[in-house]
Amino acid sequence: MADIMAEIDKVRKTIRARAANQLLKQKPFANGMYRFSMFMIEYYSRVREQLSIDYDSFMIVQTVVSHSLYTLQKKTNNISYSELETEWEKLIYSEDDVFKRIIHVSNRGETNNKLSISSICLITKLPKETVRRKVIELNSKGILKTTKDKGIVLGRNYKEIFQDFVPSTVLSVSKLLKKWEKDGVLKYLLSFQIKND
């Protein structure tokens, strides 16, 4: 925790130092922060409205998605949206061992690194009982699926999240970046560097 606080302090000092410099003469920071806040509010609202789940449950789903993407990237590099959609289909619907094919990194001799409730707790910092309860709820909705040999994986109803929620999120991110670019915030963020002491 001390390392994180030290990093935050470095960022704070860098932002203050740059505010005194010419990079922030146009003062885009407040406007950029406002646009980001609105993006986050809209994102949060879409999670509740489109997916009908609470935000903690959504973050649990995102942890499973992240784990799936990580293991998928070990097998296939640089895939497109449509290729990823095909891989999700295989992962969710196939009754053969497609998931094991993705999870096992046989060329390195690694074993199945299935995702557990404890792993999700470590990543999200949510209490174990909360994660357990929410995973059970997500299993009942078909968004996740839990098995002994595969651990916690995506369920059949994750397809709806991927097909509807992901494209609308891409659109929202695109709008945010375009507004940041117009305001000069994007250029500033891309040039932002933290000086080491």
Hey, rough spin-label estimate for S140 and I123, points 7 angstrom out along Cα→Cβ, what's it come to in nanometres? 2.4 nm
Relative contact order as a percentage, the range 116-163, C-alpha pairs under 8 Å and 6+ apart, gives 26 percent
Structure shown: which of K125/K148; K75/K178; K150/K175; K125/K178; K90/K128; K75/K148 lie over 26 Å apart, alpha-carbon to alpha-carbon? K75/K178; K150/K175; K125/K178; K90/K128
Taking θ = phi - 60°, what integer Hz values does the Karplus form 6.51 cos²θ - 1.76 cosθ + 1.60 yield along the range 162-170, in sequence order, with x for Gly and Pro? 5, 6, 9, 6, 4, x, 5, 5, 4
Between L69 and K182, what is the FRET efficiency for a Förster distance of 41 Å, r being their Cβ-Cβ separation, to the nearest 0.05? 0.85
Taking a crude spin-label model, label points 7 Å out from Cα along the C-beta direction, the L189 to D54 distance in nm is 2.9 nm
By accessible area of protein heavy atoms, probe 1.4 Å, what ranking do V153, V170 get, highest first? V170, V153
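The values are calculated or read from the model by the stated rules, or taken from the named source; none is laboratory data. Values in this document were obtained by computation on a predicted structure and should not be read as measured data. Every residue, glycine among them, receives a Cβ derived from its backbone with ideal geometry; neighbour counts consider all protein chains shown. Remember, those area values only see protein heavy atoms, side chains included, never the ligands or the DNA or RNA. Shrake-Rupley method; radii C 1.70, N 1.55, O 1.52, S 1.80 Å.
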